[in-house]
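The values are calculated or read from the model by the stated rules, or taken from the named source; none is laboratory data. Quantities reported herein were computed from a predicted structural model and do not represent experimental measurements. Quick reminder, even Gly has a Cβ in these numbers, built from the backbone with ideal geometry, and neighbours come from all protein chains shown. With ligands, DNA and RNA removed, areas are computed over all heavy atoms of the protein, side chains included. Shrake-Rupley method; radii C 1.70, N 1.55, O 1.52, S 1.80 Å.
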Amino acid sequence: MRGAISMDFWTVRGGKRLYGACRVQGSKNASLPILAASVLAGGETELTNVPRLRDIDAALRILRHLGCRAEQEGNRLYIDARGLVHSSVPESLMHEMRSSVIFMGALLARCGEVRLSPPGGCRLGKRPIDLHLAALRKLGARIEEDVSELHCRAQRLRGTEIILPFPSVGATENALLAACGARGETLIRGAAREPEIAALADFLCAMVAEIRGAGSDTIRLTAFRPKKDVCFRIPPDRIAAASFACAAAGCGGDLTLNGFEPGQISAVLHFLNAAGCDIITFTHALRLRSDARLTAVGPVVTAPYPGFPTDAQPLLMAALLRAEGESLFRETIFENRYRQVPELLRLGADISLDGREATIRGVERLRGSALTATDLRGGAAMIVAGLAAQGETVICDDGHITRGYEHFDRCLRSLGADVYLEY
Ligand code: EPU
(Lines give C-alpha, C1' and ligand atoms only; values in the text may rest on other atoms or scores of the structure.)
Protein backbone atom coordinates (compact mmCIF):
# COMPACT_ATOMS: atom_id res chain seq x y z
CA MET A 1 0.00 0.00 0.00
CA ARG A 2 1.11 3.53 -0.71
CA GLY A 3 2.16 6.14 1.81
CA ALA A 4 -0.13 8.41 3.77
CA ILE A 5 0.17 11.57 1.65
CA SER A 6 -0.35 11.54 -2.10
CA MET A 7 -2.91 12.76 -4.60
CA ASP A 8 -5.37 10.40 -6.24
CA PHE A 9 -7.00 11.09 -9.59
CA TRP A 10 -10.20 9.23 -10.33
CA THR A 11 -11.25 9.34 -13.97
CA VAL A 12 -14.86 8.41 -14.63
CA ARG A 13 -16.22 8.22 -18.17
CA GLY A 14 -19.97 8.16 -17.63
CA GLY A 15 -22.84 6.78 -19.62
CA LYS A 16 -22.23 3.08 -19.06
CA ARG A 17 -24.59 0.89 -17.08
CA LEU A 18 -23.50 -1.53 -14.37
CA TYR A 19 -24.11 -5.20 -15.10
CA GLY A 20 -23.02 -8.25 -13.16
CA ALA A 21 -22.25 -9.29 -9.61
CA CYS A 22 -19.78 -8.27 -6.96
CA ARG A 23 -19.00 -9.24 -3.40
CA VAL A 24 -19.27 -6.60 -0.68
CA GLN A 25 -16.00 -5.75 1.12
CA GLY A 26 -15.45 -6.18 4.86
CA SER A 27 -16.67 -3.35 7.05
CA LYS A 28 -14.33 -0.43 7.76
CA ASN A 29 -16.36 0.82 10.70
CA ALA A 30 -16.57 -2.64 12.27
CA SER A 31 -12.84 -3.27 11.75
CA LEU A 32 -11.59 -0.11 13.50
CA PRO A 33 -13.04 -0.70 17.01
CA ILE A 34 -12.16 -4.40 16.73
CA LEU A 35 -8.53 -3.47 15.98
CA ALA A 36 -8.56 -1.31 19.12
CA ALA A 37 -10.17 -4.17 21.08
CA SER A 38 -7.36 -6.50 20.04
CA VAL A 39 -5.09 -4.93 22.69
CA LEU A 40 -7.46 -5.90 25.52
CA ALA A 41 -6.39 -9.48 26.00
CA GLY A 42 -2.65 -9.22 25.51
CA GLY A 43 -2.64 -12.16 23.13
CA GLU A 44 -2.81 -12.88 19.43
CA THR A 45 -5.71 -11.92 17.17
CA GLU A 46 -6.36 -13.14 13.69
CA LEU A 47 -8.94 -11.30 11.65
CA THR A 48 -10.24 -12.26 8.24
CA ASN A 49 -12.22 -10.27 5.67
CA VAL A 50 -10.46 -7.04 6.72
CA PRO A 51 -10.62 -4.54 3.85
CA ARG A 52 -7.38 -3.01 2.57
CA LEU A 53 -7.89 0.65 3.35
CA ARG A 54 -5.94 3.73 4.40
CA ASP A 55 -7.90 3.91 7.68
CA ILE A 56 -6.92 0.32 8.48
CA ASP A 57 -3.27 1.17 7.73
CA ALA A 58 -3.53 4.10 10.14
CA ALA A 59 -4.91 1.82 12.89
CA LEU A 60 -2.08 -0.67 12.25
CA ARG A 61 0.48 2.12 12.63
CA ILE A 62 -1.05 2.95 16.04
CA LEU A 63 -0.89 -0.71 17.10
CA ARG A 64 2.79 -0.91 16.06
CA HIS A 65 3.55 2.31 17.93
CA LEU A 66 1.99 0.76 21.05
CA GLY A 67 4.43 -2.16 20.72
CA CYS A 68 2.14 -4.72 19.06
CA ARG A 69 3.01 -6.72 15.99
CA ALA A 70 0.42 -5.91 13.34
CA GLU A 71 0.52 -7.25 9.81
CA GLN A 72 -1.99 -7.41 7.01
CA GLU A 73 -1.69 -9.82 4.14
CA GLY A 74 -4.53 -9.51 1.68
CA ASN A 75 -7.69 -9.49 3.78
CA ARG A 76 -6.11 -11.41 6.66
CA LEU A 77 -4.74 -9.48 9.56
CA TYR A 78 -2.57 -10.64 12.44
CA ILE A 79 -2.03 -8.74 15.70
CA ASP A 80 0.20 -9.82 18.55
CA ALA A 81 -0.56 -7.59 21.53
CA ARG A 82 1.80 -9.37 23.95
CA GLY A 83 4.51 -6.76 23.49
CA LEU A 84 2.33 -3.69 24.19
CA VAL A 85 4.59 -1.18 25.95
CA HIS A 86 2.99 2.23 25.37
CA SER A 87 -0.36 3.63 26.41
CA SER A 88 -0.16 6.86 24.44
CA VAL A 89 -0.98 7.70 20.86
CA PRO A 90 1.11 10.54 19.38
CA GLU A 91 -0.57 13.50 17.77
CA SER A 92 0.71 12.65 14.28
CA LEU A 93 -1.06 9.26 14.39
CA MET A 94 -4.23 10.74 15.90
CA HIS A 95 -4.37 13.22 13.03
CA GLU A 96 -4.20 10.52 10.39
CA MET A 97 -7.60 9.23 11.42
CA ARG A 98 -10.20 10.86 13.62
CA SER A 99 -11.61 7.55 14.81
CA SER A 100 -8.28 6.75 16.54
CA VAL A 101 -10.14 8.04 19.61
CA ILE A 102 -11.51 4.49 19.84
CA PHE A 103 -8.14 3.41 21.29
CA MET A 104 -8.96 5.44 24.41
CA GLY A 105 -11.38 2.94 25.99
CA ALA A 106 -9.31 -0.10 25.05
CA LEU A 107 -6.00 1.29 26.36
CA LEU A 108 -7.63 2.51 29.54
CA ALA A 109 -9.01 -0.98 30.14
CA ARG A 110 -5.70 -2.69 29.40
CA CYS A 111 -3.19 -0.24 30.94
CA GLY A 112 -5.24 1.83 33.42
CA GLU A 113 -3.99 4.91 31.63
CA VAL A 114 -4.02 6.52 28.21
CA ARG A 115 -2.67 9.73 26.73
CA LEU A 116 -3.73 11.04 23.36
CA SER A 117 -4.31 14.30 21.58
CA PRO A 118 -7.97 15.37 21.31
CA PRO A 119 -9.27 14.48 17.84
CA GLY A 120 -10.80 17.93 17.24
CA GLY A 121 -13.23 18.76 14.45
CA CYS A 122 -13.19 17.32 10.98
CA ARG A 123 -14.61 17.94 7.56
CA LEU A 124 -18.07 16.85 8.72
CA GLY A 125 -18.22 19.46 11.49
CA LYS A 126 -17.21 19.99 15.13
CA ARG A 127 -17.45 16.36 16.30
CA PRO A 128 -17.02 16.67 20.09
CA ILE A 129 -16.18 13.63 22.25
CA ASP A 130 -17.97 14.79 25.40
CA LEU A 131 -20.13 11.64 25.48
CA HIS A 132 -17.06 9.38 25.27
CA LEU A 133 -15.42 11.23 28.16
CA ALA A 134 -18.58 11.24 30.31
CA ALA A 135 -18.91 7.46 29.87
CA LEU A 136 -15.28 6.85 30.86
CA ARG A 137 -15.63 9.17 33.86
CA LYS A 138 -18.73 7.24 34.93
CA LEU A 139 -16.62 4.06 34.89
CA GLY A 140 -14.19 5.74 37.28
CA ALA A 141 -11.62 7.34 34.99
CA ARG A 142 -10.04 10.65 35.91
CA ILE A 143 -9.53 12.76 32.82
CA GLU A 144 -7.38 15.84 32.45
CA GLU A 145 -7.88 17.76 29.25
CA ASP A 146 -6.02 20.62 27.71
CA VAL A 147 -5.76 21.79 24.12
CA SER A 148 -2.99 19.38 23.22
CA GLU A 149 -3.60 16.31 25.39
CA LEU A 150 -6.19 14.10 27.01
CA HIS A 151 -4.87 12.12 29.93
CA CYS A 152 -7.19 9.41 31.31
CA ARG A 153 -6.29 7.37 34.35
CA ALA A 154 -8.06 4.89 36.55
CA GLN A 155 -6.58 2.82 39.33
CA ARG A 156 -9.63 0.67 39.09
CA LEU A 157 -12.53 0.94 36.66
CA ARG A 158 -15.86 0.02 38.19
CA GLY A 159 -18.88 -1.38 36.37
CA THR A 160 -21.74 1.09 36.41
CA GLU A 161 -24.82 2.33 34.59
CA ILE A 162 -24.04 4.67 31.70
CA ILE A 163 -26.83 6.64 30.10
CA LEU A 164 -26.02 8.13 26.72
CA PRO A 165 -28.22 11.15 25.91
CA PHE A 166 -27.58 10.52 22.19
CA PRO A 167 -26.78 7.10 20.67
CA SER A 168 -23.25 7.99 19.58
CA VAL A 169 -21.57 5.09 17.80
CA GLY A 170 -18.06 5.96 18.99
CA ALA A 171 -19.13 6.70 22.59
CA THR A 172 -20.98 3.36 22.79
CA GLU A 173 -17.88 1.57 21.48
CA ASN A 174 -15.51 3.37 23.85
CA ALA A 175 -17.82 2.70 26.81
CA LEU A 176 -18.00 -1.00 25.93
CA LEU A 177 -14.23 -1.27 25.48
CA ALA A 178 -13.45 0.50 28.75
CA ALA A 179 -16.09 -1.57 30.57
CA CYS A 180 -14.06 -4.67 29.65
CA GLY A 181 -11.45 -3.47 32.15
CA ALA A 182 -13.98 -2.74 34.89
CA ARG A 183 -14.91 -4.80 37.88
CA GLY A 184 -18.57 -5.74 37.96
CA GLU A 185 -21.42 -5.29 35.58
CA THR A 186 -21.84 -2.34 33.19
CA LEU A 187 -25.15 -1.32 31.72
CA ILE A 188 -25.18 1.08 28.77
CA ARG A 189 -28.55 2.72 28.15
CA GLY A 190 -29.31 4.83 25.11
CA ALA A 191 -26.65 2.86 23.22
CA ALA A 192 -26.17 3.13 19.46
CA ARG A 193 -27.82 0.22 17.65
CA GLU A 194 -25.61 0.18 14.53
CA PRO A 195 -24.58 -3.30 13.32
CA GLU A 196 -20.94 -2.29 13.96
CA ILE A 197 -21.72 -2.25 17.71
CA ALA A 198 -23.05 -5.80 17.49
CA ALA A 199 -19.90 -6.78 15.56
CA LEU A 200 -17.68 -5.35 18.30
CA ALA A 201 -19.70 -7.20 20.94
CA ASP A 202 -19.38 -10.43 18.93
CA PHE A 203 -15.62 -9.97 18.84
CA LEU A 204 -15.51 -9.27 22.60
CA CYS A 205 -17.65 -12.36 23.18
CA ALA A 206 -15.12 -14.37 21.14
CA MET A 207 -12.62 -13.06 23.74
CA VAL A 208 -15.01 -14.52 26.33
CA ALA A 209 -16.89 -11.46 27.40
CA GLU A 210 -20.50 -11.88 28.43
CA ILE A 211 -22.49 -9.21 26.66
CA ARG A 212 -26.20 -9.06 26.07
CA GLY A 213 -28.28 -6.61 24.10
CA ALA A 214 -25.69 -5.30 21.61
CA GLY A 215 -27.69 -4.02 18.63
CA SER A 216 -30.43 -2.76 20.98
CA ASP A 217 -30.40 0.44 23.03
CA THR A 218 -29.49 -1.38 26.24
CA ILE A 219 -26.23 -3.30 26.44
CA ARG A 220 -25.23 -5.29 29.49
CA LEU A 221 -21.65 -6.44 29.99
CA THR A 222 -21.48 -8.87 32.87
CA ALA A 223 -17.99 -10.32 32.66
CA PHE A 224 -14.79 -10.09 30.71
CA ARG A 225 -12.28 -12.86 31.17
CA PRO A 226 -10.00 -12.46 28.20
CA LYS A 227 -8.74 -15.56 26.55
CA LYS A 228 -5.43 -15.03 24.88
CA ASP A 229 -5.99 -15.79 21.23
CA VAL A 230 -8.95 -14.94 19.04
CA CYS A 231 -9.94 -15.58 15.42
CA PHE A 232 -12.74 -13.47 14.01
CA ARG A 233 -14.28 -12.66 10.63
CA ILE A 234 -15.11 -9.00 9.97
CA PRO A 235 -18.72 -8.63 8.78
CA PRO A 236 -19.56 -6.99 5.44
CA ASP A 237 -19.68 -3.23 4.93
CA ARG A 238 -23.27 -2.03 4.67
CA ILE A 239 -22.25 1.44 3.46
CA ALA A 240 -20.07 0.01 0.69
CA ALA A 241 -23.10 -2.09 -0.32
CA ALA A 242 -25.31 1.02 -0.31
CA SER A 243 -22.71 2.82 -2.43
CA PHE A 244 -22.83 0.20 -5.20
CA ALA A 245 -26.63 0.10 -5.04
CA CYS A 246 -26.80 3.90 -5.45
CA ALA A 247 -24.28 3.76 -8.31
CA ALA A 248 -26.37 1.25 -10.26
CA ALA A 249 -29.57 3.15 -9.46
CA GLY A 250 -28.16 6.40 -10.85
CA CYS A 251 -26.55 5.16 -14.05
CA GLY A 252 -28.79 2.15 -14.64
CA GLY A 253 -28.06 -1.54 -14.91
CA ASP A 254 -28.69 -4.91 -13.35
CA LEU A 255 -26.49 -5.45 -10.32
CA THR A 256 -26.21 -8.31 -7.85
CA LEU A 257 -24.44 -7.65 -4.55
CA ASN A 258 -23.34 -10.72 -2.66
CA GLY A 259 -22.16 -11.46 0.85
CA PHE A 260 -23.97 -8.90 2.99
CA GLU A 261 -27.27 -8.43 4.80
CA PRO A 262 -29.69 -6.26 2.77
CA GLY A 263 -31.78 -5.76 5.93
CA GLN A 264 -28.98 -3.53 7.25
CA ILE A 265 -29.59 -1.00 4.47
CA SER A 266 -33.36 -1.31 4.27
CA ALA A 267 -33.75 2.45 4.84
CA VAL A 268 -31.63 3.09 1.71
CA LEU A 269 -33.36 0.36 -0.32
CA HIS A 270 -36.74 1.83 0.63
CA PHE A 271 -35.89 5.10 -1.17
CA LEU A 272 -34.19 3.40 -4.13
CA ASN A 273 -37.32 1.34 -4.57
CA ALA A 274 -39.57 4.39 -4.24
CA ALA A 275 -37.41 6.11 -6.89
CA GLY A 276 -38.22 3.33 -9.34
CA CYS A 277 -35.54 0.65 -8.90
CA ASP A 278 -36.62 -2.94 -8.99
CA ILE A 279 -35.05 -4.63 -5.96
CA ILE A 280 -35.11 -8.26 -4.88
CA THR A 281 -33.47 -9.14 -1.57
CA PHE A 282 -32.14 -12.52 -0.49
CA THR A 283 -30.71 -13.52 2.90
CA HIS A 284 -27.18 -12.44 1.99
CA ALA A 285 -27.56 -10.73 -1.38
CA LEU A 286 -29.63 -8.35 -3.43
CA ARG A 287 -30.42 -7.74 -7.06
CA LEU A 288 -31.16 -4.21 -8.19
CA ARG A 289 -32.36 -3.23 -11.66
CA SER A 290 -32.62 0.36 -12.74
CA ASP A 291 -33.41 1.93 -16.10
CA ALA A 292 -31.80 5.15 -14.81
CA ARG A 293 -35.08 7.05 -15.18
CA LEU A 294 -35.76 7.63 -11.51
CA THR A 295 -38.41 9.71 -9.82
CA ALA A 296 -37.70 12.09 -6.95
CA VAL A 297 -38.13 10.89 -3.35
CA GLY A 298 -38.15 12.36 0.12
CA PRO A 299 -37.94 13.68 2.61
CA VAL A 300 -34.84 11.57 3.27
CA VAL A 301 -34.06 12.28 6.92
CA THR A 302 -30.80 10.92 8.32
CA ALA A 303 -31.07 9.27 11.72
CA PRO A 304 -29.27 6.80 13.98
CA TYR A 305 -29.66 3.13 12.97
CA PRO A 306 -32.06 1.72 11.90
CA GLY A 307 -32.90 5.11 10.36
CA PHE A 308 -31.46 6.40 7.12
CA PRO A 309 -27.64 6.40 7.50
CA THR A 310 -25.89 9.74 7.24
CA ASP A 311 -23.05 7.98 5.42
CA ALA A 312 -25.42 7.08 2.58
CA GLN A 313 -26.90 10.59 2.26
CA PRO A 314 -24.38 11.94 -0.31
CA LEU A 315 -24.60 8.66 -2.26
CA LEU A 316 -28.38 8.63 -2.58
CA MET A 317 -28.28 12.33 -3.43
CA ALA A 318 -25.85 11.59 -6.28
CA ALA A 319 -28.13 8.83 -7.58
CA LEU A 320 -31.11 11.21 -7.66
CA LEU A 321 -29.54 14.13 -9.53
CA ARG A 322 -31.40 13.23 -12.75
CA ALA A 323 -34.60 11.95 -11.07
CA GLU A 324 -37.80 13.54 -12.26
CA GLY A 325 -39.17 16.00 -9.72
CA GLU A 326 -37.86 17.42 -6.46
CA SER A 327 -36.09 15.30 -3.83
CA LEU A 328 -35.67 16.59 -0.30
CA PHE A 329 -32.94 15.67 2.21
CA ARG A 330 -32.63 16.61 5.87
CA GLU A 331 -29.31 15.90 7.58
CA THR A 332 -29.66 15.50 11.34
CA ILE A 333 -26.43 13.76 12.37
CA PHE A 334 -23.53 15.92 11.19
CA GLU A 335 -23.56 19.69 10.91
CA ASN A 336 -21.49 19.85 7.73
CA ARG A 337 -22.39 16.92 5.55
CA TYR A 338 -23.36 18.64 2.33
CA ARG A 339 -19.79 19.39 1.28
CA GLN A 340 -20.28 17.37 -1.90
CA VAL A 341 -22.99 19.78 -3.10
CA PRO A 342 -20.84 22.57 -4.64
CA GLU A 343 -18.90 19.90 -6.54
CA LEU A 344 -22.06 18.18 -7.80
CA LEU A 345 -23.26 21.57 -9.08
CA ARG A 346 -20.24 21.59 -11.42
CA LEU A 347 -21.75 18.56 -13.15
CA GLY A 348 -24.87 20.59 -13.88
CA ALA A 349 -26.92 19.38 -10.92
CA ASP A 350 -29.64 21.64 -9.52
CA ILE A 351 -29.39 21.60 -5.72
CA SER A 352 -30.23 24.28 -3.21
CA LEU A 353 -29.20 24.23 0.42
CA ASP A 354 -31.02 25.75 3.33
CA GLY A 355 -29.32 24.91 6.63
CA ARG A 356 -29.75 21.20 7.19
CA GLU A 357 -32.06 20.78 4.19
CA ALA A 358 -31.14 20.13 0.60
CA THR A 359 -33.52 20.24 -2.35
CA ILE A 360 -32.54 18.43 -5.54
CA ARG A 361 -34.42 19.28 -8.69
CA GLY A 362 -33.76 16.56 -11.22
CA VAL A 363 -31.97 17.68 -14.40
CA GLU A 364 -32.11 15.99 -17.79
CA ARG A 365 -28.40 15.47 -18.07
CA LEU A 366 -25.18 15.83 -16.13
CA ARG A 367 -21.92 16.80 -17.85
CA GLY A 368 -18.51 15.50 -16.79
CA SER A 369 -16.29 18.04 -15.05
CA ALA A 370 -13.21 18.43 -12.83
CA LEU A 371 -14.11 17.92 -9.15
CA THR A 372 -12.33 17.81 -5.81
CA ALA A 373 -13.27 15.15 -3.26
CA THR A 374 -14.30 16.73 0.02
CA ASP A 375 -14.55 13.72 2.33
CA LEU A 376 -14.91 9.94 2.09
CA ARG A 377 -18.62 9.56 1.28
CA GLY A 378 -18.79 12.88 -0.55
CA GLY A 379 -15.94 11.68 -2.79
CA ALA A 380 -17.68 8.37 -3.44
CA ALA A 381 -20.84 10.33 -4.30
CA MET A 382 -18.88 12.20 -6.98
CA ILE A 383 -17.96 8.88 -8.56
CA VAL A 384 -21.63 7.81 -8.44
CA ALA A 385 -22.62 11.09 -10.11
CA GLY A 386 -19.78 10.83 -12.65
CA LEU A 387 -21.06 7.41 -13.73
CA ALA A 388 -24.40 9.00 -14.63
CA ALA A 389 -22.84 12.04 -16.36
CA GLN A 390 -22.02 12.43 -20.03
CA GLY A 391 -18.32 12.67 -20.80
CA GLU A 392 -15.38 12.60 -18.45
CA THR A 393 -15.29 13.48 -14.78
CA VAL A 394 -11.93 13.74 -13.03
CA ILE A 395 -11.98 13.73 -9.25
CA CYS A 396 -8.89 15.00 -7.52
CA ASP A 397 -8.68 13.46 -4.07
CA ASP A 398 -6.04 13.66 -1.37
CA GLY A 399 -6.88 10.16 -0.23
CA HIS A 400 -10.42 10.33 1.16
CA ILE A 401 -12.02 7.66 -1.01
CA THR A 402 -9.35 4.99 -0.42
CA ARG A 403 -9.83 5.54 3.33
CA GLY A 404 -13.05 3.55 3.03
CA TYR A 405 -13.38 1.75 -0.32
CA GLU A 406 -11.30 -1.26 -1.29
CA HIS A 407 -10.48 -1.46 -5.01
CA PHE A 408 -13.48 0.76 -5.79
CA ASP A 409 -12.30 1.38 -9.36
CA ARG A 410 -11.57 -2.28 -10.02
CA CYS A 411 -14.95 -3.42 -8.67
CA LEU A 412 -16.81 -0.83 -10.75
CA ARG A 413 -14.80 -1.79 -13.87
CA SER A 414 -15.69 -5.46 -13.32
CA LEU A 415 -19.33 -4.31 -13.63
CA GLY A 416 -18.67 -2.51 -16.92
CA ALA A 417 -17.96 1.02 -15.67
CA ASP A 418 -15.13 3.10 -17.08
CA VAL A 419 -13.42 4.23 -13.85
CA TYR A 420 -9.68 4.48 -13.27
CA LEU A 421 -7.65 5.50 -10.26
CA GLU A 422 -4.16 6.89 -10.75
CA TYR A 423 -1.77 8.31 -8.20
N1 EPU B 1 -21.35 13.50 19.10
C2 EPU B 1 -21.29 14.39 20.15
N3 EPU B 1 -20.54 14.04 21.24
C4 EPU B 1 -19.84 12.87 21.30
C5 EPU B 1 -19.92 11.96 20.22
C6 EPU B 1 -20.69 12.32 19.11
O7 EPU B 1 -21.89 15.47 20.12
O8 EPU B 1 -19.18 12.63 22.33
C9 EPU B 1 -22.11 13.89 17.89
C10 EPU B 1 -21.18 14.01 16.66
O11 EPU B 1 -20.56 15.29 16.62
C12 EPU B 1 -22.10 13.77 15.52
C13 EPU B 1 -23.10 12.75 16.09
O14 EPU B 1 -23.00 12.85 17.51
O15 EPU B 1 -22.77 14.94 15.18
C16 EPU B 1 -22.87 11.32 15.64
O17 EPU B 1 -21.59 10.89 16.03
P18 EPU B 1 -21.24 9.37 16.35
O19 EPU B 1 -20.40 9.38 17.59
O20 EPU B 1 -22.44 8.52 16.32
O21 EPU B 1 -20.32 9.02 15.10
P22 EPU B 1 -18.85 8.48 15.10
O23 EPU B 1 -18.70 7.34 16.03
O24 EPU B 1 -17.90 9.61 15.23
C25 EPU B 1 -19.36 6.71 13.25
C26 EPU B 1 -18.79 6.35 11.91
C27 EPU B 1 -19.13 7.42 10.90
C28 EPU B 1 -20.65 7.54 10.83
C29 EPU B 1 -21.22 7.85 12.22
C30 EPU B 1 -22.73 7.90 12.27
C31 EPU B 1 -16.79 5.09 12.48
C32 EPU B 1 -15.32 5.00 12.48
N33 EPU B 1 -17.33 6.23 12.03
O34 EPU B 1 -18.75 7.95 13.61
O35 EPU B 1 -18.64 6.96 9.64
O36 EPU B 1 -20.99 8.57 9.95
O37 EPU B 1 -20.78 6.81 13.15
O38 EPU B 1 -23.26 6.72 11.82
O39 EPU B 1 -17.47 4.15 12.85
C40 EPU B 1 -17.74 7.15 7.48
O41 EPU B 1 -17.56 5.92 7.49
O42 EPU B 1 -17.61 7.85 6.46
C43 EPU B 1 -18.12 7.82 8.73
C44 EPU B 1 -18.01 9.14 8.90
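Scoring ILE62 on the criteria (1) away from the ligand (no atom under 15 Å from the Cβ); (2) more than 20 Å from ALA135 (Cα to Cα) leaves a single failure, condition (1).
Of the residues making up the range 313-347, those that are open to solvent by 10 Å² or more (accessible area, probe 1.4 Å), free of Cβ contacts under 8 Å to residues at least 40 places away in the same chain and not acidic (Asp, Glu) are GLY325, LEU328, ARG330, THR332, ILE333, TYR338, PRO342, LEU345, ARG346. Of the candidates ILE62, ILE56, ILE79, ILE34, the single residue that is farther than 28 Å from ARG123 by Cβ, open to solvent by less than 10 Å² (accessible area, probe 1.4 Å) and in contact (Cβ under 8 Å) with a residue 24 or more places away in the chain is ILE79. With respect to the conditions (1) in a loop (DSSP other than H, G, I, E, B); (2) within 13 Å of the ligand (Cβ to nearest atom); (3) at pLDDT 95 or above, ARG137 lacks only one, and its number is (1).
Of all residues in the range 400-414, which are assigned to a helix (DSSP H, G or I) and either under 13 Å from the mean Cα position of the chain (by Cα) or more than 14 Å from CYS22 (Cα to Cα) (or both)? Within the range 400-414, ILE401, THR402, ARG403, GLY404 meet the criteria. Filter the range 73-94 down to the residues that are assigned to a strand (DSSP E or B) and farther than 30 Å from ASP146 by Cβ and list them by number. Answer for the range 73-94, where residues must be assigned to a strand (DSSP E or B) and farther than 30 Å from ASP146 by Cβ: GLU73, ARG76, LEU77, TYR78, ILE79, ASP80. Quick check on ARG127: is it within 26 Å of GLY399 (Cα to Cα), open to solvent by 10 Å² or more (accessible area, probe 1.4 Å) and not in a helix (DSSP H, G or I)? It is true that ARG127 is within 26 Å of GLY399 (Cα to Cα), open to solvent by 10 Å² or more (accessible area, probe 1.4 Å) and not in a helix (DSSP H, G or I). For the range 335-364, the set of residues classified as among the polar types (S, T, N, Q) and touching a helix residue (DSSP H, G or I) at 6+ places or on another chain (Cβ under 8 Å) consists of GLN340 only. Residues that are open to solvent by 30 Å² or more (accessible area, probe 1.4 Å) and within 10 Å of the ligand (Cβ to nearest atom) within the range 288-310 comprise ALA303, PRO304, TYR305, listed in sequence order.
Scanning the range 99-123 for residues that are in a helix (DSSP H, G or I), more than 15 Å from the ligand (Cβ to nearest atom) and open to solvent by 20 Å² or more (accessible area, probe 1.4 Å) turns up ALA109, ARG110, CYS111. Of all the listed residues (GLU145, GLU71, GLU46, GLU96), the sole one being more than 22 Å from the chain's Cα centre (by Cα) and open to solvent by 50 Å² or more (accessible area, probe 1.4 Å) is GLU145.
Could you run through the range 350-387 and say how many residues are away from the ligand (no atom under 16 Å from the Cβ) and open to solvent by 10 Å² or more (accessible area, probe 1.4 Å)? Qualifying residue count, the range 350-387: 17. Of all residues in the range 229-259, those satisfying the criterion of being within 24 Å of ILE197 (Cα to Cα), open to solvent by less than 10 Å² (accessible area, probe 1.4 Å) and outside any strand (DSSP E or B) are ILE234, ASP237, ILE239, ALA240, ALA241, ALA242, SER243, ALA245.
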